[in-house]
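Below: one structure, written as structure tokens.
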Amino acid sequence: MSRGIPIPGADADGVLLALPFLKEANFNDNATVGKKVVVIGGGNVAFDVARSAKRLGAQQVNLCCLESRPEIPAFSWELDEAAEEDIAINPSWGPKEIKVVDGKVVGITFKRCTHVFDENRMFSPAYNEDELLDIEADNVVFSIGQGADMNGFTGTSLEVDGRGRIKWNPATFQTNLPNVFACGEVVTGPGAAVAAMRNAHDAATSIETFLTTGKIEPVTVLKPAPIGKLPDFTTLKITRKDKNDISVMDPAERLKSFVEAEGGFELQTAVYEAQRCMNCGRGATMARPEDCAACLSCVRVCPYGAPYISEARVAGFSWESCQACGICASVCPGLAIDIAYNDDTLINEQIDKGTSGVTVFGCQYAVPTIKNPASMASPSIPGVNMVRLMCTSRLDTRHLLRAVENGADGIAVLACPDEECRHRKGVNWAEIRTNEVKKVLEATGIGAGRIAFMGAPGGPEAFGRMMGEFKAKLDELGPNPVSKVLAVD
Ligand SMILES: Cc1cc2nc3c(=O)[nH]c(=O)nc-3n(C[C@H](O)[C@H](O)[C@H](O)COP(=O)(O)OP(=O)(O)OC[C@H]3O[C@@H](n4cnc5c(N)ncnc54)[C@H](O)[C@@H]3O)c2cc1C
Ligand code: SF4
Ligand code: SF4
């Protein structure tokens with residue numbers, strides 16, 4: 001439900017509220033506006049209104065808000081795109097009165113807003129009544145916030161606060177009524193969709209506890225610890241990958257209709273963009289401090305300077321610097337390190353699916369290289385089991401040996417081209433691990449030829465060929481002797 005402001009002229013013909021206006025524009029082809037439209041408000045909805053008015057044919061659209069330019073709450077790209085669409089943005093103006101002739105809006109007067117918030121960041125606008133701005137208008141659209149329509153609860157004993165929101169216990173999500181829960185913007189007030197979803201997740205947890213245990217208990221809301229700025233010494237070592245911008249229709253073109261103006265990414269570009277995320281905060285953790293020998297191996301191998309040895313002589317990891325490559329976990333002699341993003345359980349589950357044939361270890365980002373994600377996720381090649389790692393630098397000799405122990409006849413390690421690897425020398429680490437296991441297979445008589453370090457395939461067909469050639473070599477070696485032992489067991 002949209003709110004208005006009771007200034008003189010607010011009931012005149014041509015004064016509109018944001019949501020009914022947007023609904024009309026969205027659902028009814030015959031929605032109309034005059035040539036001159038003034039939108040009051042500075043949030044995302046106000047920009048939706050202003051941009052919709054332009055698409056409906058308004059020639060002059062002014063958006064006026066209390067906030068100064070840096071304080072405007074809408075996303076900055078909304079401001080940029082509105083400016084491209086020739087919408088005039090007028091910060092620091094508050095509505096004083098709407099001018100009306102014969103019951104119809106003809107303009108609006110604004111007074112200068114000198115500040116919006118007091119020192120406690122409470123909404124407390126102040127004005128200079130001597131500095132005025134007159135704008136001609138056929139329509140004035142109030143877009144100063146939405147509230148819930150509580151009519152449906154009239155006659156119930158559900159308690160509502162002074163701002164028209166359902167009263168709730170933020171820890172349990174309970175309302176004043178027994179066993180009645182509430183969440184979302186009807187309790188928090190307007191915000192972004194993602195915040196409402198988060199709130200609903202926590203409410204669902206509370207409700208689940210109630211339904212399964214009969215108890216109403218505070219929900220433990222996990223709040224991620226903030227991660228600091230990347231230190232310069234880490235930034236310098238990260239392979240820089242420039243950002244792609246999504247395609248946006250030219251302003252003149254997009255003003256012709258309500259057609260979505262922003263194109264998405266092609267699959268390849270979308271995966272490239274995902275690859276730019278370095279998983280800060282999802283990397284190395286000291287899982288078993290009692291097993292850390294303070295041997296400094298992790299400190300030596302980390303490409304980003306993330307590990308350190310604490311005064312207690314136990315390794316620790318800087319969340320800011322750790323880029324979740326996994327190299328430290330694979331060299332730790334005490335197996336003391338866990339990698340949160342790509343933990344051993346997840347990797348082992350994939351390895352254990354291969355009890356014969358070929359087990360292929362590959363970087364998840366090799367996907368764009370072979371152009372067909374489905375073929376990597378569930379290869380159509382019979383007898384090929386894919387193990388997807390976040391980067392082949394995560395590869396551990398234990399992972400490779402596990403595949404052998406499970407009975408895989410052969411192991412292939414697919415590595416991205418060096419220049420494509422997101423971690424410096426990540427490919428080298430994968431090769432080192434492969435060679436280590438090669439030596440073990442040689443020494444045990446299982447056969448060094450059962451493991452191969454391969455480049456990334458150029459596509460599904462090349463991948464099929466590579467596997468075919470490798471399988472032919474494996475056929476010459478015969479089945480993995482470990483499988484016989486497994487069969488006896
Ligand atoms: C014009 C506009 C543009 C927006 N653009 C964006 C954007 O670009 N990005 C973004 O992140 N967010 C945007 N938002 C905000 C986003 O829509 C909200 O954050 C989100 O929808 C809130 O979710 P919610 O579940 O709390 O409420 P809602 O999505 O409003 O859901 C409430 C539900 O309750 C139902 N309901 C209402 N009364 C009753 C009743 N008495 N009994 C039973 N059911 C009832 C309603 O029908 C509705 O289905 C926008 C909002 C508006 C108004
Ligand atoms: S996961 Fe990689 S970046 Fe993080 S601490 Fe270990 S070696 Fe360094
Ligand atoms: S490699 Fe392992 S044992 Fe050595 S310091 Fe790092 S965490 Fe400790």
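Tallying residues that are within 13 Å of ligand 3 (Cβ to nearest atom) and under 21 Å from I238 (Cα atoms) within segment 284-330 yields 19.
Out of T220, T234, T239, one residue alone is within 16 Å of ligand 2 (Cβ to nearest atom), among the polar types (S, T, N, Q) and assigned to a loop (DSSP other than H, G, I, E, B). It is T239.
Of the residues E431, E436, which single one is under 17 Å from G326 (Cβ atoms), modelled with pLDDT of 85 or more and in contact with a strand residue (DSSP E or B) (Cβ under 9 Å, 6 or more places away or on another chain)? Result: E431 is the single residue among E431, E436 that is under 17 Å from G326 (Cβ atoms), modelled with pLDDT of 85 or more and in contact with a strand residue (DSSP E or B) (Cβ under 9 Å, 6 or more places away or on another chain). Step by step: first the residues of segment 238-255, then only those that are in contact (Cβ under 8 Å) with a residue 12 or more places away in the chain and not hydrophobic (A, V, I, L, M, F, W, C), then the one that is nearest to R55 (Cα to Cα). Which residue is that? Once the filter is applied, the top-ranked residue is R254.
Going residue by residue through segment 39-54, is there one that turns out to be touching a helix residue (DSSP H, G or I) at 6+ places or on another chain (Cβ under 8 Å) and either more than 16 Å from ligand 1 (Cβ to nearest atom) or closer than 16 Å to G107 by Cα (or both)? Taking every residue of segment 39-54 in turn, at least one turns out to be touching a helix residue (DSSP H, G or I) at 6+ places or on another chain (Cβ under 8 Å) and either more than 16 Å from ligand 1 (Cβ to nearest atom) or closer than 16 Å to G107 by Cα (or both). In segment 129-143 there is at least one residue matching the filter, namely being in contact (Cβ under 8 Å) with a residue 40 or more places away in the chain, touching a Pro at 6+ places or on another chain (Cβ under 9 Å) and of a type in the set (A, V, I, L, M). Total residues in segment 307-341 satisfying the condition of being of a type in the set (A, V, I, L, M), under 25 Å from T434 (Cα atoms) and either near ligand 2 (Cβ under 8 Å from one of its atoms) or buried (at least 18 other Cβ atoms within 10 Å of the Cβ) (or both): the figure is 7. D338 satisfies every condition listed in (1) modelled with pLDDT under 90; (2) part of a strand (DSSP E or B) except (1).
Restricting to segment 73-128, name every residue that is of a type in the set (S, T, Y) and touching a residue at least 24 places away in the same chain (Cβ under 8 Å). Step through it out loud before you land on a result.
First pass over segment 73-128, keeping only residues of a type in the set (S, T, Y): 76, 92, 109, 114, 124, 127.
Once the filter is applied, which keeps residues that are of a type in the set (S, T, Y) and touching a residue at least 24 places away in the same chain (Cβ under 8 Å), segment 73-128 yields S92, T109, Y127.
Of the residues making up segment 277-297, those that are assigned to a loop (DSSP other than H, G, I, E, B) and closer than 15 Å to S330 by Cβ are G283, A287, C295. For segment 380-401, the tally of residues that are in a loop (DSSP other than H, G, I, E, B), over 32 Å from the mean Cα position of the chain (by Cα) and not β-branched (V, I, T) stands at 2. I'd like to know if segment 197-216 contains one or more residues that are in a loop (DSSP other than H, G, I, E, B), touching a Phe, Trp or Tyr at 6+ places or on another chain (Cβ under 7 Å) and either modelled with pLDDT under 95 or not assigned by TED's automatic domain parsing to the domain that holds K35 (or both). Among the residues of segment 197-216, at least one is in a loop (DSSP other than H, G, I, E, B), touching a Phe, Trp or Tyr at 6+ places or on another chain (Cβ under 7 Å) and either modelled with pLDDT under 95 or not assigned by TED's automatic domain parsing to the domain that holds K35 (or both), which makes the answer yes. The residue that is surrounded by the most Cβ atoms within 10 Å (Cβ to Cβ), counting only those in segment 157-192 that are closer than 24 Å to G41 by Cβ and more than 13 Å from ligand 1 (Cβ to nearest atom), is D161.
Looking at the structure I just gave you, is R300 at pLDDT 95 or above, away from ligand 1 (no atom under 16 Å from the Cβ) and among the basic types (K, R)? Spelling it out, R300 is indeed at pLDDT 95 or above, away from ligand 1 (no atom under 16 Å from the Cβ) and among the basic types (K, R). Criterion first (away from ligand 3 (no atom under 16 Å from the Cβ) and surrounded by 15 or more Cβ atoms within 10 Å (Cβ to Cβ)) does A195 satisfy it? So A195 does not fit the description; no. Confirm whether D352 is within 16 Å of ligand 3 (Cβ to nearest atom) and within 26 Å of N385 (Cβ to Cβ). Here the answer is no, as D352 does not meet what is asked. Checked against (1) at pLDDT below 95; (2) closer than 19 Å to P303 by Cβ; (3) aliphatic (A, V, I, L, M), M386 passes all but a single condition, namely (2). For F265, indicate whether it is surrounded by fewer than 17 Cβ atoms within 10 Å (Cβ to Cβ), in contact (Cβ under 8 Å) with a residue 40 or more places away in the chain and not in a strand (DSSP E or B). Judged against the criteria, F265 is not a match.
Would you check if R465 is surrounded by fewer than 19 Cβ atoms within 10 Å (Cβ to Cβ), not in a helix (DSSP H, G or I) and not hydrophobic (A, V, I, L, M, F, W, C)? In short, no. Taking strands (runs of 3 or more DSSP E) as the structural unit, those lying wholly within segment 94-149 and holding at least 1 residues that are over 40 Å from the mean Cα position of the chain (by Cα) and within 23 Å of A74 (Cα to Cα) correspond to 104-117, 123-136. I'd like to know if segment 305-313 contains one or more residues that are more than 16 Å from ligand 1 (Cβ to nearest atom), in contact (Cβ under 8 Å) with a residue 40 or more places away in the chain and within 30 Å of the chain's Cα centre (by Cα). Yes, because at least one residue in segment 305-313 is more than 16 Å from ligand 1 (Cβ to nearest atom), in contact (Cβ under 8 Å) with a residue 40 or more places away in the chain and within 30 Å of the chain's Cα centre (by Cα).
The values are calculated or read from the model by the stated rules, or taken from the named source; none is laboratory data. All of these numbers come straight from a predicted model, not from anything done at the bench. Cβ sites come from the backbone with ideal geometry, for glycine too, and all protein chains shown count toward neighbours.
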